[in-house]
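The values are calculated or read from the model by the stated rules, or taken from the named source; none is laboratory data. Bear in mind that the values here come from a model prediction, so they are computed numbers and not experimental data. Every residue, glycine among them, receives a Cβ derived from its backbone with ideal geometry; neighbour counts consider all protein chains shown. Protein only, heavy atoms only, side chains kept; ligands, DNA and RNA dropped before computing areas. Shrake-Rupley method; radii C 1.70, N 1.55, O 1.52, S 1.80 Å.
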Amino acid sequence: MSHQNFLNAYLVSKGAEPVDMEPFRTLQGSIARGSSGKLRLTNLMQLTVDTSWWTRYRSSTNNPDVNPTTFEQAIPDLHNGQFTAIPRNNSDLFPHEHIQAIANTAAFHIPTVEQGGGSLRMALAQRATSVEVLRLLISMGPIESMHFQTMSATAGNAPPLTDPINGLTFPDLNRGLDPNNGSTGAAVSQMFQTNLIMPEPCPFISPSLPACSVIRPTNTTGAATGALKFLTAMGLFIGQSPAFFSFLTELAAAADAAQRGI
């Protein structure tokens, strides 16, 4: 919220119009006991969560900026269906395994968004035409990464279980078993165990250079448009209007069109 409030005030200070998303707050949120009942910008009840960041940041041999590859999912089921990260109504509060699976979904959804936010700011920093705007991006980007690391640790504490309502399974990632293909071994254990939250050194700039621990990806080409596509594919905007997508597409295209000055 501090980023949103600051950026809108910054735009106004420069004589620009603030970004107002309130006209798009049209989606029904949770009606479970304790919810605010307010309409939402985003849909948290039909998420397809891409948890491949789990293995991307643990890989010492692959970086999508250098050698694009497909990274394995930490929670394959989350990427193969649509699941809610909030209780939709009071019936979602029971049984215990069901509401815990909803909490687990939220625990993995949040770092999925945060890792994208860190990458996006570092990518757009390379297109900033103003030194002051560059300062904004490189000052805010690490905060997203702090959130990502904190919440990825939280996701690692999500208890293994199978939701009795929809069959969504959260595997025991410390079992030493690849949840995607069942393989085992030391490399598998290191790739999935939950207490490893520091990014492994990986190829950067060129495979001929030594491995380096970095945010990945930070390739600037199409970064904003790519982020919008990623969030849309997750289901975060299911139910939104064509006007909403047109507005966000315009913002993303403008960001990607920026060119660094001399």
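Of the residues HIS98, HIS79, only one is open to solvent by less than 80 Å² (accessible area, probe 1.4 Å) and free of Cβ contacts under 8 Å to residues at least 40 places away in the same chain; which? I'd like the intermediate steps shown before the answer.
Numbers: HIS98 fails: free of Cβ contacts under 8 Å to residues at least 40 places away in the same chain.
Only one candidate qualifies: HIS79.
On the given criteria, is GLU132 exposed (fewer than 14 other Cβ atoms within 10 Å of the Cβ) and acidic (Asp, Glu)? For GLU132, the condition - exposed (fewer than 14 other Cβ atoms within 10 Å of the Cβ) and acidic (Asp, Glu) - is met. In the range 206-262, the qualifying residues are those that are of a type in the set (D, E, K, R) and surrounded by fewer than 15 Cβ atoms within 10 Å (Cβ to Cβ), and the one that is modelled with the lowest pLDDT is ARG260.
Could you tell me whether SER36 is in contact with a Cys (Cβ under 7 Å, 6 or more places away or on another chain) and either assigned to a loop (DSSP other than H, G, I, E, B) or under 30 Å from THR162 (Cα atoms) (or both)? Spell out the reasoning first.
Details: in contact with a Cys (Cβ under 7 Å, 6 or more places away or on another chain): no; either assigned to a loop (DSSP other than H, G, I, E, B) or under 30 Å from THR162 (Cα atoms) (or both): yes.
It is false that SER36 is in contact with a Cys (Cβ under 7 Å, 6 or more places away or on another chain) and either assigned to a loop (DSSP other than H, G, I, E, B) or under 30 Å from THR162 (Cα atoms) (or both).
Checking the condition closer than 26 Å to SER213 by Cβ and of a type in the set (Lys, Arg), which residue from ARG40, ARG56 passes? Every option except ARG56 fails the conditions.
Okay, residues lined up against (1) of a type outside the set (S, T, N, Q); (2) in contact with a Phe, Trp or Tyr (Cβ under 9 Å, 6 or more places away or on another chain); (3) farther than 15 Å from ARG58 by Cβ:
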residue	(1), (2), (3)
LEU177	yes, yes, yes
GLY185	yes, no, no
ILE197	yes, yes, no
GLU200	yes, yes, no
ILE205	yes, no, yes
ALA211	yes, yes, no
THR220	no, no, yes
PHE237	yes, yes, yes
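Of all the residues in the range 16-38, those that are of a type outside the set (A, V, I, L, M), open to solvent by 60 Å² or more (accessible area, probe 1.4 Å) and under 19 Å from ILE238 (Cβ atoms) number 5.
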